[in-house]
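The values are calculated or read from the model by the stated rules, or taken from the named source; none is laboratory data. Here the structure is a predicted model, which is why all the values come from computation and not from measurement. Positions of Cβ are backbone-derived with ideal geometry, glycine not excepted, and every protein chain shown enters the neighbour counts.
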Amino acid sequence: MAISSVDSRKGEVKSSPTCKQWGIIMVKRYINNIAEENGKYYIKFSINGEQKQMLVQGAKSIQDAKIILDTERFKLRQIQGGVLKDERKIKKYTADFLFKNFLKYSNDQEKKSYKKDKYQSEELLKHLKEKGLASDISQIKQKHIEQLKIDLKNTPTKRGKKRLNSTVNKYLACLKTAFNLLVKDEDIDIHNNPCFGVSMFPEDNRRDTYLPEDLKDKFLSLLPEMVRDIVELDLATGLRIGNVIHARKCEFNLYRNEWRIPKEKNKGKKDIQITLKPNALKIVKKYYDKTSDYLFINPRTQEHITTFRKSFATAAKKIGIPDLQPKDIRRTVGTWLYHKGVSLRVIKDVLHHSNVATTERYLGITGSEVDKAYEILDKE
């Protein structure tokens, strides 16, 4: 049974965390160059190409932050004009420190992307060292990040493939977060994020792949038992596959047949509560009494499973849809409902999307269906 389990990063067994609200460091949207988070205020602005982003020490209100913002702007203009001597003394921080701090945050937050964060950090560190920018990150400017973006796009992967726009954007997001963590730390003398103002590459996120309903039984029969149950539970709920894989006992109320997923585990940052129908409830009850925390446990290692890509890919190839991925099961739910005449607005609620436009991107509408629609209009 090809199921991967959680790997310990330090060779030691860690107890599973409880279902609690995990704090996420994220600056709120800036309005008029000022952002507020947990009673702290941040400012960011740009003058003549020089960016500044910093925590406002001592500010207790937006009015206080605005006064300091105006003061910092005036001071920077005077320094740029030669009226004031630039006596800003910034302690040197290395790129090694930058990424160690970021990975500590990623590990402390128990992010599922820790391994990917580590790999991306190593690649970014390597690039900064090659460019001679690793010894003092305060010297990294926006132009260096722009060049980094181009270099990442043009440098092939270890497999010799060209990086996708979405992949490069993930590297940039990793670097931006690493700098933001330093900017927000009151004890670290870094006030500028050079990623500020660097645009991401455009992405084509549309995927039309889904599991045809007439191939459902054959596909499920090719999967190992637990993987089959996970996929069936996903098909019965329309949830993100990650929510199903990482389901925990504390999320279920079997007396009311309810499943509540806290907003901290959802991309849309909102609580999701669904009523479990017979098929879904049967699967949940099958595993509920066999575990103490996570619902799906690898029977071989007795640890929480994290992926089943190999067994899924093997089954997908055998039914003739090699590019079918676990995340496409959610799209499959929306597409099946759409083909059965369910309205987009209802499907939006089933998939817990914030708007109909998002739902449309999940639907596997083929070109032949569009042509058929035009033919219907032509006959009117």
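Just checking, does segment 210-226 include any residue being modelled with pLDDT of 90 or more, under 18 Å from K44 (Cβ atoms) and outside the structural domain of L55 (by TED's automatic domain parsing)?
There is no residue in segment 210-226 that is modelled with pLDDT of 90 or more, under 18 Å from K44 (Cβ atoms) and outside the structural domain of L55 (by TED's automatic domain parsing).
What number of residues within segment 192-242 satisfy the criterion of being over 30 Å from L124 (Cβ atoms) and out of contact with any Leu (no Cβ under 7 Å at 6 or more places or on another chain)?
So the answer is 25.
Considering only residues that are under 21 Å from the mean Cα position of the chain (by Cα), in contact (Cβ under 8 Å) with a residue 40 or more places away in the chain and within 14 Å of V198 (Cα to Cα), which ones fall in segment 146-175? Lay out the reasoning, then the answer.
Restricting attention to segment 146-175, the residues satisfying the condition of being under 21 Å from the mean Cα position of the chain (by Cα) are 149, 152-153, 163-175.
Cutting the leftovers down to in contact (Cβ under 8 Å) with a residue 40 or more places away in the chain gives us 149, 153, 170-171, 174-175.
Matches in segment 146-175: K149, K170, Y171, C174, L175.
Is it the case, given these coordinates, that A65 is part of a loop (DSSP other than H, G, I, E, B), at pLDDT 85 or above, small (G, A, S) and buried (at least 16 other Cβ atoms within 10 Å of the Cβ)?
Spelling it out, it is not the case that A65 is part of a loop (DSSP other than H, G, I, E, B), at pLDDT 85 or above, small (G, A, S) and buried (at least 16 other Cβ atoms within 10 Å of the Cβ).
Given the criterion crowded, with 18+ Cβ neighbours inside 10 Å and touching a helix residue (DSSP H, G or I) at 6+ places or on another chain (Cβ under 9 Å), identify the matching residue among P326, P299.
P326
Can you tell me how many residues in segment 136-151 are in contact with a Pro (Cβ under 7 Å, 6 or more places away or on another chain) and either hydrophobic (A, V, I, L, M, F, W, C) or modelled with pLDDT under 90 (or both)? Give the steps one after another, and end with the answer.
The initial filter retains those residues of segment 136-151 that are in contact with a Pro (Cβ under 7 Å, 6 or more places away or on another chain), namely 140-142, 144-145.
Now narrow it down to the ones that are either hydrophobic (A, V, I, L, M, F, W, C) or modelled with pLDDT under 90 (or both): 140, 145.
Number satisfying all stated conditions: 2.
Taking segment 310-323 only, how many residues are surrounded by 15 or more Cβ atoms within 10 Å (Cβ to Cβ) and part of a helix (DSSP H, G or I)?
Residues that pass the stated criteria total 5.
Can you confirm whether segment 114-135 contains a residue that is outside any helix (DSSP H, G or I) and at pLDDT below 90?
no
What tally of residues in segment 98-134 results from selecting those that are closer than 15 Å to K176 by Cβ, out of contact with any Cys (no Cβ under 8 Å at 6 or more places or on another chain) and of a type in the set (F, W, Y)?
2
Taking interchain pairs and intrachain pairs at least six residues apart, which have beta carbon atoms under 6 angstrom, with the first residue in segment 176-195 and touching a residue at least 12 places away in the same chain (Cβ under 8 Å) and the second among the hydroxyl-bearing types (S, T, Y)?
Going by the 6 Å Cβ cut-off, the qualifying pairs are L181/Y105.
For segment 227-248, check the following and say yes or no: at least one residue is in contact with an Asp or Glu (Cβ under 7 Å, 6 or more places away or on another chain), at pLDDT below 95, surrounded by 21 or more Cβ atoms within 10 Å (Cβ to Cβ) and assigned by TED's automatic domain parsing to the domain that holds D293. Can you show your working first?
Just the residues of segment 227-248 that are in contact with an Asp or Glu (Cβ under 7 Å, 6 or more places away or on another chain), to begin with: 241, 244, 248.
Add one more test, that the residue is at pLDDT below 95, and what stays is 241, 244, 248.
After this cut, where a residue has to be surrounded by 21 or more Cβ atoms within 10 Å (Cβ to Cβ) as well, the list is 244.
Remaining after also requiring assigned by TED's automatic domain parsing to the domain that holds D293: 244.
Yes - at least one qualifying residue is present in segment 227-248.
When you check V346 against the structure, is it under 15 Å from L235 (Cβ atoms) and either β-branched (V, I, T) or surrounded by 18 or more Cβ atoms within 10 Å (Cβ to Cβ) (or both), yes or no? Break it down stepwise before answering.
Numbers: under 15 Å from L235 (Cβ atoms): no; either β-branched (V, I, T) or surrounded by 18 or more Cβ atoms within 10 Å (Cβ to Cβ) (or both): yes.
In short, no.
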